There are 2 protein chains.
Amino acid sequence: MSSSQIYLGVVGVGGVGTAFLGQLSRLPNPPSLVLLARTTQTLTSGTGYSPAIAASDWQSALSSPAVTTSGAITPPKIVSYLQAAPGHSILVDNTSDPSLASAYPLFLRAGISIVTPNKKAFSSDLSLWKDIFSAAASGSALVYHESTVGAGLPVVSTLRDLVATGDQVTRIEGVFSGTLSFLFNTFAPAAGSVSSSAQWSEVVARAKQLGYTEPDPRDDLNGMDVARKLTILARIAGLDVESPDSFPVESLIPAELASLPTTREGIDQFMARLPDFDTQMSAVKEKAEKSGKVVRYVGRVDVVTKQVSVGLQSIDGDSAIARLKGSDNIISFYTKRYGDRPMIIQGAGAGADVTAMGVTADLIKVMERLK
Amino acid sequence: MSSSQIYLGVVGVGGVGTAFLGQLSRLPNPPSLVLLARTTQTLTSGTGYSPAIAASDWQSALSSPAVTTSGAITPPKIVSYLQAAPGHSILVDNTSDPSLASAYPLFLRAGISIVTPNKKAFSSDLSLWKDIFSAAASGSALVYHESTVGAGLPVVSTLRDLVATGDQVTRIEGVFSGTLSFLFNTFAPAAGSVSSSAQWSEVVARAKQLGYTEPDPRDDLNGMDVARKLTILARIAGLDVESPDSFPVESLIPAELASLPTTREGIDQFMARLPDFDTQMSAVKEKAEKSGKVVRYVGRVDVVTKQVSVGLQSIDGDSAIARLKGSDNIISFYTKRYGDRPMIIQGAGAGADVTAMGVTADLIKVMERLK
């Protein structure tokens, strides 16, 4: 399909970005990679947007000072560069940068489609969400963001299909954080599994050591990542959620530790003082167990009552949520057509390869639509 | 988007067809319905493909002899009619007709896209499968068939995404028949559920009475519906499966009853003689229970060893398959990227509304790509 060449700009070469570039390099009909940027450097293809940057060889290209510009490239400059390409262009944003996210309407109005796992644009102020989708609706540019919820699991696309075909989604609930899934599956395993005697702080420390948490575990424990995902799903389901701060989110950071600084030292202090709160968490766990339940960190969108909530819940020990393993996510869609039993999607909801898979699959769909 | 009007021909007004027409009538930007056919009648829009048939009002239109042609319309005539439309056209085949299915390459070569829940085209001879996808690849027409497996559950699209993004699918397994799911969930419920003392033949009779089986329950019990679905998934995963007869399929029709005729009387005789085999089925059930397992009718594609199989299996009582409820399907994808724990999709895999939802969602995607 060289008659309709598609030009690609990619920002971000972290875990997901690197995995994405690997997948991109193996696509049978890849788009033409003409811009690759990270915080410190920008690489663009030659004059006339040719030759394209070899996705398989981006690391050596970025390490060659001759072909790169040092320093970050601003969103308006990326817009100018991609907009002038001699064909359709797409921005793949593999960062979690809020400032790039807030420029999405600019890209879309310039006819540049967006594919991204970056939650920021879709889970910040409602006005940005509306601006993004009205910019997309007014032109030919598209915006796909499957990996913003559940990584490569088909969550966003399935919810959009349910809504677009006229089903009435009544409730969405599940476990939306791989980290919190691991913490509670380990701390409070379902009956029948091997019982755990580990204290809460030990489980958190172990998860941190295994790299299952953010560098600062408080970024998982504050619940904001889950709140952002719920904000996205609620909005797709039709609720005008103002922001991820506009509904109850239960933080697992003890109030007494909330004021510790976000520095390296602050993290160390937090981890050192967390054991003081083990008794509290054990009490929560044991209270649930007394009624045959287990404690889980659950997100819920009640579309009917327009309520969104994120926090600890006691869950029946033999339910699918209680029986989750490892760091899997589970998302249940309750709808009018599906009746009493929900449609359920379950599996790894984090990790570079599966997140990149959602990005690559979206890219393929956008390319198919732009052809 | 009236500048690129899309013309739609729909064949089949059974349960799924009727539900689809209802969903179609409520789409915000519907295509122009210009042909509606069932076995006995064909309705087309006026000269110049206008005005379109009102999808919300098709029943009264079909009941008006003035606007319909009696008798079935042949596939080549549908091709001619849709091909001459002044824009892109799409055939929605809501039948299970093998002869219409075998004409798909004709439609696709004429530039007419296909959306269908009809399994026949994709699960018959491998040559037809290859003909369909080479016809689609050679032109601009598209073929979408989400509802051929798991009804509206995102099974086909998810597997295609996994393959297209370069993941290695190693194994697909699950329960692919709503009818057989109901029969075994009722006959041999998982431990912890209310125990069942019902005999196999009683469960079959009850399912038939509830309308959960085909009019002839042998069409479910012979396993061919599951074999067709496995054929489709195996082919998408890259296996050259010749036909649904080319791998082991365990029939639940006792050999002694295999020769009963397919007539009304044959069905009655089958149901009357089925209790003679209850002891056999109870023995299978009890054998599984002795080792803490339950018996389930499972389909499996082992992509690595290139083996496909369909039949009874003893399943760990606390596994997701064993704990399935009602007539739900469950499909597990084991892949390299997802590692030890599969991606799982679960929910109603049959029913007119959810099947039509898969068709309507596909139609929207095809329209988006044709624009």
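Filtering B:Gly174, B:Gly111, B:Gly152 for residues that are over 23 Å from B:Gly358 (Cβ atoms) and among the small types (Gly, Ala, Ser) leaves a single hit, B:Gly111. Can A:Val163 be described as within 12 Å of chain B (Cβ to nearest Cβ), within 16 Å of the chain's Cα centre (by Cα), under 30 Å from A:Ile6 (Cβ atoms) and surrounded by fewer than 23 Cβ atoms within 10 Å (Cβ to Cβ)? No: the conditions fail for A:Val163. Residue pairs whose Cβ atoms lie under 8 Å apart, sitting 6 or more positions apart in sequence or on different chains, and linking a residue in the stretch A:63-83 that is more than 17 Å from A:Ala101 (Cα to Cα) to a partner that is surrounded by fewer than 11 Cβ atoms within 10 Å (Cβ to Cβ), are A:Ser70/A:Thr40; A:Gly71/A:Thr40. Contact map, the stretch A:220-241: first residue closer than 19 Å to A:Asn118 by Cα, second residue modelled with pLDDT under 95 and not in a helix (DSSP H, G or I), Cβ cut-off under 6 Å, separation 6 or more or different chains; pairs are A:Asp220/A:Thr213; A:Asp220/A:Glu214.
Looking across B:Leu153, B:Leu233, one residue alone is more than 14 Å from chain A (Cβ to nearest Cβ), buried (at least 22 other Cβ atoms within 10 Å of the Cβ) and at pLDDT 95 or above. It is B:Leu233. On the stretch given as the stretch B:334-345, residues that are more than 8 Å from chain A (Cβ to nearest Cβ) and either in a strand (DSSP E or B) or surrounded by 24 or more Cβ atoms within 10 Å (Cβ to Cβ) (or both) total 2.
Would the stretch B:95-104 turn up any residue that is assigned to a strand (DSSP E or B) and either over 26 Å from A:Leu162 (Cα atoms) or under 17 Å from the mean Cα position of the chain (by Cα) (or both)? So far as the stretch B:95-104 goes, no, none of its residues is assigned to a strand (DSSP E or B) and either over 26 Å from A:Leu162 (Cα atoms) or under 17 Å from the mean Cα position of the chain (by Cα) (or both).
With A:Val284, A:Val366, A:Val308 as the choices, which residue is closer than 21 Å to A:Leu239 by Cβ, modelled with pLDDT of 95 or more and not in a loop (DSSP other than H, G, I, E, B)?
Numbers: A:Val284 fails: closer than 21 Å to A:Leu239 by Cβ; A:Val366 fails: closer than 21 Å to A:Leu239 by Cβ.
Result: A:Val308 is the single residue among A:Val284, A:Val366, A:Val308 that is closer than 21 Å to A:Leu239 by Cβ, modelled with pLDDT of 95 or more and not in a loop (DSSP other than H, G, I, E, B).
From the list A:Arg323, A:Arg341, the lone residue that is out of contact with any helix residue (DSSP H, G or I) (no Cβ under 8 Å at 6 or more places or on another chain), free of Cβ contacts under 8 Å to residues at least 24 places away in the same chain and not hydroxyl-bearing (Ser, Thr, Tyr) is A:Arg341. Among the criteria (1) part of a loop (DSSP other than H, G, I, E, B); (2) away from chain B (no Cβ under 14 Å); (3) crowded, with 22+ Cβ neighbours inside 10 Å; (4) over 13 Å from the mean Cα position of the chain (by Cα), the one A:Ala141 does not fulfil is (2).
Would you please name the residue that is nearest to A:Val11 (Cα to Cα), looking only at residues in the stretch A:99-109 that are buried (at least 19 other Cβ atoms within 10 Å of the Cβ) and hydrophobic (A, V, I, L, M, F, W, C)?
Residues of the stretch A:99-109 buried (at least 19 other Cβ atoms within 10 Å of the Cβ): A:100-101, A:103-105, A:107-108.
Now restrict to residues that are hydrophobic (A, V, I, L, M, F, W, C): A:100-101, A:103, A:107-108.
Details: A:Leu100: 9, A:Ala101: 11, A:Ala103: 13, A:Phe107: 13, A:Leu108: 16 Å.
Per the stated criteria, the residue is A:Leu100.
Can you find a residue that is at positive phi, modelled with pLDDT under 95 and assigned by TED's automatic domain parsing to the domain that holds B:Arg160 anywhere in the stretch B:262-270? Among the residues of the stretch B:262-270, not one is at positive phi, modelled with pLDDT under 95 and assigned by TED's automatic domain parsing to the domain that holds B:Arg160, which makes the answer no. Among the residues of the stretch B:42-73, those that are over 20 Å from B:Leu24 (Cα atoms) and surrounded by 13 or more Cβ atoms within 10 Å (Cβ to Cβ) comprise B:Val67, B:Thr68, B:Thr69, B:Ala72, B:Ile73. Looking only at residues of the stretch A:19-77 that are of a type in the set (Ser, Thr, Tyr) and within 17 Å of A:Ala356 (Cβ to Cβ), we find that the one that is nearest to the chain's Cα centre (by Cα) is A:Ser25.
Kindly check whether there is at least one residue in the stretch A:312-334 that is within 19 Å of the chain's Cα centre (by Cα) and at pLDDT below 95. Looking through the stretch A:312-334, at least one residue is within 19 Å of the chain's Cα centre (by Cα) and at pLDDT below 95. Residue check: B:Gly317 meets all listed conditions (1) out of contact with any helix residue (DSSP H, G or I) (no Cβ under 9 Å at 6 or more places or on another chain); (2) small (Gly, Ala, Ser); (3) farther than 20 Å from B:Arg171 by Cβ but one, namely (1). Summed over the stretch B:78-98, residues that are surrounded by fewer than 20 Cβ atoms within 10 Å (Cβ to Cβ), polar (S, T, N, Q) and in contact with a helix residue (DSSP H, G or I) (Cβ under 7 Å, 6 or more places away or on another chain) total 1.
Within the stretch B:360-371, how many residues are more than 7 Å from every other protein chain (Cβ to nearest Cβ) and not β-branched (Val, Ile, Thr)?
Within the stretch B:360-371, the subset more than 7 Å from every other protein chain (Cβ to nearest Cβ) is B:362-363, B:365-367, B:370-371.
Narrowing further to those that are not β-branched (Val, Ile, Thr): B:362-363, B:365, B:367, B:370-371.
Matching residues across the stretch B:360-371 total 6.
One residue stands out in the stretch B:257-278 among those that are touching a Phe, Trp or Tyr at 6+ places or on another chain (Cβ under 8 Å) and over 13 Å from B:Ser201 (Cα atoms): the one that is surrounded by the most Cβ atoms within 10 Å (Cβ to Cβ), namely B:Leu257.
Checking the conditions here, which among B:Met281, B:Met357 is buried (at least 20 other Cβ atoms within 10 Å of the Cβ), facing chain A (nearest Cβ under 9 Å) and among the aliphatic types (A, V, I, L, M)? So that I can check it myself, show each step before the final result.
Numbers: B:Met281 fails: facing chain A (nearest Cβ under 9 Å).
Result of the check over B:Met281, B:Met357: B:Met357.
Cβ separations smaller than 6 Å between residues 6+ apart or across chains give the following pairs from the stretch A:272-287 residues that are within 15 Å of A:Ser197 (Cβ to Cβ) to residues that are surrounded by 15 or more Cβ atoms within 10 Å (Cβ to Cβ): A:Pro275/A:Ser201; A:Asp278/A:Gln199; A:Asp278/A:Trp200; A:Asp278/A:Ser201; A:Met281/A:Trp200; A:Lys285/A:Ala188; A:Lys285/A:Val295. Applying the condition of being within 12 Å of another protein chain (Cβ to nearest Cβ) and touching a strand residue (DSSP E or B) at 6+ places or on another chain (Cβ under 6 Å) to the stretch A:175-208 and asking which residue is modelled with the lowest pLDDT yields A:Ala190.
Check A:Val366, A:Val301 and return the single one that is hydrophobic (A, V, I, L, M, F, W, C) and under 22 Å from A:Val226 (Cα atoms). Steps first, answer last, please.
Working: A:Val366 fails: under 22 Å from A:Val226 (Cα atoms).
Step by step, each of A:Val366, A:Val301 is checked, and only A:Val301 is hydrophobic (A, V, I, L, M, F, W, C) and under 22 Å from A:Val226 (Cα atoms).
The values are calculated or read from the model by the stated rules, or taken from the named source; none is laboratory data. In this text the structure is predicted, and so the values were computed from the model without any measurement. All Cβ positions, glycine included, derive from the backbone under ideal geometry; neighbour counts span all protein chains shown.
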